[in-house]
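One structure is given here, and the rest of the page talks about it.
Coordinate-derived values only; no laboratory data. Since we're looking at a predicted model, the values are computed, not measured. Using ideal geometry, Cβ is built from the backbone for each residue, glycine included, and neighbour counts are taken over all protein chains shown.
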Amino acid sequence: MKLKILSIFSLGLLLTVGLNSTIYPQGFPNKEIQMIVPYPPGGGTDILFRIIAEELTKMFRVPVNVLNKVGGSGVVGTSSILSAKPDGYTVLGTTITPLTFVPSVNTKVPYNAARDFYSLGLIAHQQKILVVKSDSEFKSLEDVINMAKKKPRELTCGTSGKGADSYFALQQLNKAAKVNITFMPFEGGGETITNLLGGHISMSFSNFGAVEPYTKVDRLRVLAVTGEGRVASNPNVPTFSERGYPQVDVKMSYLVMAPKGLPLAIIDAWKKALKAVMESPKVTSAGEKLDFVIDLQTDSEKVGLYLKEQLEKYSKLAADIGIRE
Amino acid sequence: MEAFSNLIIGFSAAIQPVNLFYCFLGVFLGTLVGVLPGLGPAAALSLLLPTTFYIPPFSGIVMLCGVLYGAQYGGSTTSILVNIPGEPGSAVTCLDGYAMAREGRAGPALGIAAFGSFIAGTISLFGLIFLAPVLSEAALRFGPPEYFALMTSGLMIVIYLARGSMVKAMMVAAFGLILGSIGIDPVTGRTRFIYGIVPLMSGVNLAVVVIGLFGVSEVLLNVEKRLKQEIYTTKIKGLLPTLQDWKDSISPIIRSSFLGFFMAIIPGVSVTIPTFVSYTLQKKISKHPEKFGTGLIEGVAAPEAANNAAQCGTLVPVFSLGIPTGATTAILLGALIIYGLNPGPSFIKESPQFFWGVIASMYLGNAMLLMLNLPLIGIWVKMLKIPYAILFSLILLFCLVGSYSINNSVSDIFIMTAFGFVGYLLKKFNYEQVPLVLALVVGPMMERALRRSMIMSKGSFFIFFQRPISAVFMVLALVMIISPFLFKKRLGEELISEGKG
């Protein structure tokens, strides 16, 4: 009896394996997959991709391992897939920063994202916010602009280094409002917030997830948010365009990229898996917690065009303010 | 006392069998991670992070914290036995720890490292209980000018107290600062000194340099003088610290515990810098500073106590402000966020059971570590009886694997090897390695702090003297440079002549 159950069970197992190979042709995947994340472990981006990798592991039934290759604002990890085999076993989980923001400042970056990579999917995005200390004199975006006009170069804004999303947000504001708020570079969100709380900088560009613990206890105040409309979780925060600065529209995007030249069947397998994973409750709830708006687009041509547009747009901005090299 | 009643609630959570199990698993894995060079706590935490999604949040955090302080326990083991720091935080331990091992006193060195860590863990636990919320607010007052002044004075103190020539120490420190500037310019975003080599964009990794500098160079030196092998095999004097060892170590342990804990509360300082400072301070106030580096037990006790206390100190801003102090605590914060807890200023009030439970578990974990590590000493010491030919091949192997595993990068292996030769040359020509390591640690931080300060002050250097905290540190640094010119003598002068002789 036991033997019978066992044989039925193993038959079922065989069947699922067989089934598996019909979903994912050519036996893909039949070994473990590496997802390179060009950011340090523990940050928001890393956590998001780790949760996605967990779900992909269930979907593909092979381990999907996250490999952190850190450095150079993400360029180090991103360029490492240039030399990877286009077989679907090495992919990149990244923000748009090393794909378009950094190359628009630094022309020596050894790739052109739209040309050299294949986009499996744009999976999520995140809006940026302008935040100040609660006990600061700035009650609104207008207060900041007025003060910046009165005292040029006096105000400082903490952002990540030149070419980061938050840096471009500040430059867009400087340009749109014709002010000169000095940018002060920090290594990451945590360090920026420490300095903001300590009163060493006047303001910062951040995101809702990062400041929520401090806005809740009234130590930080959010003045405005980028993007088309107000955010559902924080309906009281006005958008930059409502306040007359529609040019301030930096948006962080999150993508899964692969080396160019993937076989069609493997592309299909990946896109199917991504679609299922991004709808899974684990990923959606993580997205909420970490303040990512999940918004999957798997049309590679469209995403490629988006990358191209973004690169052109920010290259122009970088050239305008004289930091492109 | 509210803190105590809370702590009792915490212990009742930590003592649950399932939590005890995860605590043990954490400290056990941590010890392992500490012993293996290269595989640091940050890498280990990121590997473990996904697995904790399947266990209760509290158990998960207890385990991750266990890895964190367990690694500090284990990191000293290889420093003492084979001169490879398991973690950068144990680099200083190499100096006297390895010298002790060569004298056949590896047992007492390992013993005092374990006891020192335990005592430091206990002291900083009380620090966490009473001071966590207050201290983290004070740490916020450290802005860019304060950081720059703090780092500068730290570097100057280490140069001042270097063995041998102070000029040589300065040269080595300058070399470290230059190395620290490789990579991306923090303000302009330009790449510097990378010569088209993309992996260099992130700079040279500290752990990679340290492994080469201490581990590989030691192998090279020993290949040269292989006759001395009998030192290891013949005399192994005692396994535990003697009464005299205790007398020598107890006040350094207590002092370094306080120092490590308080320094680490400042975000960015992390674990490595306090070990340097505590070692140097110990040397400064010692009656026989010239003997440091020749196998003095205080030289092991001080940095080992400091790194454990510092590991606890780094948790203060994490739990009371939700601010990460370094790579490892960033991962811990990430885990808290995934669990749906909101680390931040209101965290301790909102989840007292969680916070106090983690604190209680840390105490239990420290006790477990002591029990785990003491019996192991006998086994570790026997490792030194392995014949040279095999031992050194193994050391090289660990150096290679260790340096690769940090960032999965082949170029790190080349960098590690290159620094093996650099370390060899430094030792050959009597240059100290310590200022190089410290300069590499603080260099990038110092540069960023300097340039941010310059942005704040619009280019005026007076900013460092206008703010009280930074003014104190700057004056201290200046005294260090100027005093040898005024008095034509500095501390440990005897040793300089000794070095020449």
(message) Can you compute the charge dipole magnitude of chain A about its Cα centre, using +1 on each Lys and Arg Cβ and -1 on each Asp and Glu Cβ, nothing else charged? Give it in debye, rounded to the nearest 20.
(response) 300
(request) Holding the Cα-Cα limit at 24 Å, pick out from A:128/A:216; A:216/B:458; B:283/B:427; A:272/A:302; A:31/A:271 the pairs that are longer than that. (result) A:216/B:458
(message) How are the alpha carbon pair distances in the range B:356-411 distributed across 10 Å bins from zero to the largest one, expressed in percent?
(response) 19, 24, 29, 24, 4
(request) Take the Cα atoms of the range B:271-313, find their three principal axes, and give me the spread along each one in whole Å, biggest first. (result) 31, 16, 13
(request) Find the all-direction average of the projected area of the Cα convex hull for the range A:31-76, expressing the result in square nanometres with one decimal place. (result) 3.0
(message) Running a GNM on chain A with Cα contacts under 10 Å, which residue among A:98, A:110, A:38 ends up with the highest mean-square fluctuation?
(response) A:110
(request) May I ask you to give the average projected area over all directions of the convex hull of the Cα atoms of chain A, in nm² rounded to one decimal? (result) 18.5
(request) For the range B:57-150, state the semi-axes of the equivalent ellipsoid (square roots of 5 times the eigenvalues of the alpha-carbon gyration tensor), sorted largest first and rounded to whole angstrom. (result) 30, 19, 13
(request) Distance from a point 7 Å along Cα→Cβ of residue B:53 to each backbone N in the range A:108-123: keep the residues under 17 Å and list them by number. (result) A:123
(message) Which one, B:170, B:158, B:90, projects farthest toward the positive side of the charge dipole computed for the protein assembly as shown from Cβ point charges (K/R +1, D/E -1)?
(response) B:170
(request) Measure of size requested: the Rg and Dmax of the protein assembly as shown, with Cα atoms as the atom set and Å as the unit; please supply both. (result) 27.1, 95
(request) Lys and Arg at +1, Asp and Glu at -1: add these up for the other residues within a Cβ distance under 9 Å of residue A:89 and post the number. (result) 0
(message) Need one number: % antiparallel among DSSP beta bridges in the protein assembly as shown, to the nearest 5.
(response) 65
(request) Give the residue from A:217, A:257, A:193 lying farthest towards the positive end of the charge dipole for the range A:185-325; charges sit on Cβ (+1 for Lys and Arg, -1 for Asp and Glu) and the dipole is referred to the Cα centre. (result) A:257
(request) Would you tell me the mean number of C-beta atoms belonging to other protein chains that fall within 10 Å of each C-beta in A:205-214, as a whole number? (result) 3
(request) Output the peptides B:354-363, B:105-114 sorted from most to least packed, where packing is the average of other Cβ atoms within 10 Å over each peptide's residues. (result) B:105-114, B:354-363
(message) I want to check the label-to-label distance for residue B:401 and residue A:305. Put each point 7 Å from Cα in the C-beta direction and report it in nm to one decimal.
(response) 5.2
(request) Note the full-extension length gain between residue B:350 and residue B:389 as 0.36 nm times their separation in residues minus their Cα-Cα distance, in nm to one decimal. (result) 8.3 nm
(message) Please check: in the Gaussian network model of chain A (C-alpha springs, under 10 Å), which one of A:190, A:227, A:93 has the largest mean-square fluctuation.
(response) A:190
(message) Let me spell out the model: positive unit charges on the Cβ of Lys and Arg, negative unit charges on the Cβ of Asp and Glu, origin at the Cα centre of the protein assembly as shown. What dipole size does that give, in debye rounded to 20?
(response) 1080
(request) Only helical DSSP H runs with n ≥ 4 go in: add -39500 (n - 2.57) per run for chain B, normalise by residue count and round the 222 nm mean residue ellipticity to 500 deg cm²/dmol. (result) -23500 deg cm²/dmol
(request) Could you point to the residue in A:170, A:127, A:117 farthest towards the positive end of the range A:92-175's charge dipole, with +1 and -1 charges on the Cβ of Lys/Arg and Asp/Glu respectively? (result) A:170
(request) Among DSSP beta bridges whose residues both lie in chain A, state the antiparallel percentage, nearest 5. (result) 60
(request) Averaging over all projection directions, find the projected area of the Cα convex hull of chain B and quote it in nm² with one decimal place. (result) 23.6
(message) How shielded is B:405-416 by partner chains, expressed as the average number of their Cβ atoms within 10 Å of its Cβ atoms?
(response) 2
(request) Quantify how strongly other chains surround peptide B:346-357 by giving the mean number of their Cβ atoms within 10 Å of each of its Cβ atoms. (result) 1
(request) Please state, to two decimals, what the Cα-based radius of gyration of the range A:245-325 comes to when divided by 2.2 N^0.38 Å (N = residues). (result) 1.39
(request) Can you tell me the equivalent ellipsoid semi-axes for the range B:269-368? Use √(5λ) from the Cα gyration tensor, largest first, whole Å. (result) 34, 14, 10
(request) Return the aspartates and glutamates within reach of residue A:251: Cα separation strictly under 12 angstrom, same-chain partners fewer than 8 residues apart disregarded; answer none if there are no such residues. (result) A:165, A:228
(message) If you scale each eigenvalue of the Cα gyration tensor by 5 and take the root, what three semi-axes come out for the range A:163-307, rounded to whole angstrom and sorted largest first?
(response) 32, 19, 15
(request) Based on a Kirkwood Rh over C-alpha pairs, give the Stokes-Einstein translational diffusion coefficient of the range B:112-228 at 25 °C and viscosity 0.890 mPa s in µm²/s. (result) 131
(message) Straight-line reach from residue A:178: which aspartates and glutamates fall under 18 Å, measuring Cα to Cα and dropping same-chain residues less than 8 apart?
(response) A:142, A:143, A:154, A:242, A:249, A:320
(message) Report the Cα centroid-to-centroid distance between the range A:158-214 and the range B:158-229 in angstrom, as an integer.
(response) 33
